[in-house]
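Beneath this line is the structure, given in structure tokens, with notes to follow.
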Amino acid sequence: MPSSTALSGGPVVFFDGQCHLCARSVQFIIRRDRAGKFRFASLQSEAGKTAIQAATTAGNPPPDSLILWEDGQYYTAAAAALRIAPHLDGGWKLLAGFRILPRFLRENLYRLVARHRYKWFGKRETCWLPRPEWRERFID
């Protein structure tokens with residue numbers, strides 16, 4: 001588990017720092033989280049690697065695109081995305097309504113995009129680095 005100090009400041013979004021879609025998603029969240037509720041760390045960081053281990057459940061592959069740590073629990077994939085949406089400014093809160101869809105449908109759709117994210121959106125050789133004005137929201 002990432003250090004308690006790193007996790008004590010509120011929810012943390014762990015993302016694939018090499019994925020263009022993931023990096024753009026983080027930028028999207030930052031711009032719509034004016035209250036600064038979320039903090040971020042790449043899955044390639046030490047905190048991210050620890051989060052992957054903590055969020056991996058028996059019988060499932062380790063999460064490799066999105067993990068949310070919130071209120072002492074880890075959420076992955078579509079469950080994580082749908083927990084982030086209600087905290088964003090504007091109409092994005094409505095995306096949380098997708099929770100009414102059966103879990104298998106939400107998760108399978110998320111996995112489809114995640115599986116093809118590098119092919120469809122590209123991959124960086126190194127992790128994306130945030131703008132200087134955003135750095136305080138990043139851990140590790």
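The values are calculated or read from the model by the stated rules, or taken from the named source; none is laboratory data. For clarity, every value in this text was computed on a predicted model and none was experimentally measured. Every residue, glycine among them, receives a Cβ derived from its backbone with ideal geometry; neighbour counts consider all protein chains shown.
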Checked pairs for the stretch 65-80, first farther than 13 Å from residue 48 by Cβ, second of a type outside the set (Lys, Arg), C-beta under 6 Å and 6 or more apart or across chains, list as 70/11; 75/68; 77/107; 77/110; 78/107; 78/110; 80/66; 80/68
For the stretch 84-102, enumerate the residues that are in contact (Cβ under 8 Å) with a residue 24 or more places away in the chain and in a helix (DSSP H, G or I). 84, 87, 90, 92
Filtering the stretch 84-125 for residues that are closer than 17 Å to residue 14 by Cβ and either of a type in the set (S, T, N, Q) or over 16 Å from the mean Cα position of the chain (by Cα) (or both) leaves a count of 1
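For the condition of a type in the set (D, E, K, R) and more than 19 Å from residue 33 (Cβ to Cβ), what is the one hit in 70, 107?
Working: 70 fails: more than 19 Å from residue 33 (Cβ to Cβ).
It is 107.
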Restricting attention to the stretch 59-114, and to residues there that are within 21 Å of residue 20 (Cα to Cα) and touching a Pro at 6+ places or on another chain (Cβ under 7 Å), which single residue is modelled with the highest pLDDT? 68
